[in-house]
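The values are calculated or read from the model by the stated rules, or taken from the named source; none is laboratory data. Note that the coordinates shown come from a computational prediction; the quantities given were computed from them, not determined experimentally. Don't worry about glycine lacking a Cβ; one is built from the backbone with ideal geometry, like all the others, and counts go over all protein chains shown.
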Amino acid sequence: MTTPAVDVAHLRRRTGFEATPAEIANFTPIDLPAIVDALLDFSLNPTDAPPPSFGDPAKANWGRMQDLIKWWLDRMCTVPRPLQEKLSFFWLGHFATQVSKVDHAVDMYDQNHLFRTEGAGSLETLVQNVSLQVAMLIYLDNDPNEKGTPNENFARELMELLTLGVNQYTQDDVVASARAWTGHNVDYNVEPRVYRFYPERHDTDPKTFMGVTRNWDGPEIITHILTVEPHRSTAARYIAKKMWTFFAYPKPSATVLDALTTAFLDSNLNITALLRAIFLRPEFYSATARQGLLRGPVEWIVTCLRMTGLTAEEMNPQWWMEEMGQELFEPPNVAGWMDNAYWLNGTALWARADFARNVTWKVHNNHWTPTAGFLRTVIERNAQNQYVMSAPAAIDLAFQSFGRVPAIAPVSTWDRGVLENWLVTQRASEAAPVYTWRDWAAINLTTMTMLSPDVLLA
């Protein structure tokens, strides 16, 4: 049984960072469950290792972080199964930590590596391991947490943001959990820093957490939340809703959320099972889903790099990320990034425009890139100095070059109309012979396509 190309394109876009016509065609002869299973098979992806500069003692921490950002962006662009990277990016926003506070590239890489290697497995295992990593211990202030002076930051966010959601616990639960996590600190006497449990700092007195009184230890809090009802079902629904919102669209119906929660619970909170349930829901392929998400800066940058063949090393996109509003390894706060309309502001759009123009010039000066081939085709003229390719065909090729194949999924009438009218006018102003690589119509079309609503949509 085959799968419609429009569904394959949508699935590939949401499980990665856009797909070429060839990548779409490779999956259309296969039925949808088999495609989903293939996209969830990360064994094709190379194992990760830290950027080479991590082994250079002369490289400062700031330089290592710049290398780590570029390394991850390039990995997003190139791995055969980019869902692994997109899922890691989801977890970065969920288990938010900021390098500006953690202040160590190795700690940020370690967390990123954990998201990559365990992000599709058991939710409990993932939460347990994230909670005992240096990045999280420092960011949510559990590194100084000790008996007598318990710090409540991690204890609170563990329930409110990481597992249960708001209004699912009491202040007494926060206090008990904070006491349970005493002694789970960071050893700063070694390099790199490591998690260490200090028994002498741990509060061993009885604590009452969610109605149960005993000598709770920190990791037992997570086990209780994710294995004991009704907390287990509450956590399953919370994570299912957040993941659907990230991959499909906000505000899923009760019907969708009930089905996802059941599938997640039946799998013993296995994240791959939840993802499979998401990608097989008919609502995932609805018009609401196809138009339901706007690309955030990171996803848009990766799409631009991937479809042009440029690398992060060449483009240094991290220089534009702060103005766009989304810096890798630097979520704005403990709640991570917002989405959709949050990205529609003047400063962020101007930063995208500036980056798109720099991408255009890099393509313009590197004739070997895939998009350079698009430029050469669009500017070709015959002996009468007339453009060989019509304006509508040029618009089609422009969108196809950035992953939106009009033959598979029509470009919006508004987008097409604006660009066609502009291109006809621009070409008319260039009626006289021009230098081959100074055809402003083709150059500007490249920039404008990257900034078009159709390409900004996820």
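On the given criteria, is F54 buried (at least 18 other Cβ atoms within 10 Å of the Cβ), of a type in the set (F, W, Y) and farther than 22 Å from G336 by Cα? Considered against the rule, which asks whether it is buried (at least 18 other Cβ atoms within 10 Å of the Cβ), of a type in the set (F, W, Y) and farther than 22 Å from G336 by Cα, F54 comes out as no. Here S401 meets each of (1) buried (at least 18 other Cβ atoms within 10 Å of the Cβ); (2) modelled with pLDDT of 90 or more with one exception, condition (2).
Restricting the search to helices (runs of 4 or more DSSP H) fully inside the stretch 32-101 and requiring at least 3 residues that are of a type in the set (S, T, N, Q) gives 61-78.
Against the conditions (1) buried (at least 20 other Cβ atoms within 10 Å of the Cβ); (2) hydroxyl-bearing (S, T, Y); (3) within 22 Å of R295 (Cβ to Cβ); (4) over 14 Å from the mean Cα position of the chain (by Cα), T78 satisfies every one except (1). Residues that are within 24 Å of the chain's Cα centre (by Cα) and touching a residue at least 24 places away in the same chain (Cβ under 8 Å) number at least 3 in the following helices (runs of 4 or more DSSP H) confined to the stretch 306-380: 312-315, 318-324, 346-365. Please find, within the stretch 176-203, the residue that is surrounded by the most Cβ atoms within 10 Å (Cβ to Cβ) out of those that are of a type in the set (S, T, Y) and assigned to a loop (DSSP other than H, G, I, E, B). Among residues in the stretch 176-203 that are of a type in the set (S, T, Y) and assigned to a loop (DSSP other than H, G, I, E, B), the one surrounded by the most Cβ atoms within 10 Å (Cβ to Cβ) is T182. Remark: pairs (first residue in the stretch 269-296, touching a residue at least 40 places away in the same chain (Cβ under 8 Å); second residue in a strand (DSSP E or B) and not basic (K, R); Cβ separation under 8 Å; 6+ apart in sequence or on different chains) = L269/S122; N270/S122; I271/S122; Q291/L457; L293/L457; L294/L457; R295/L457.
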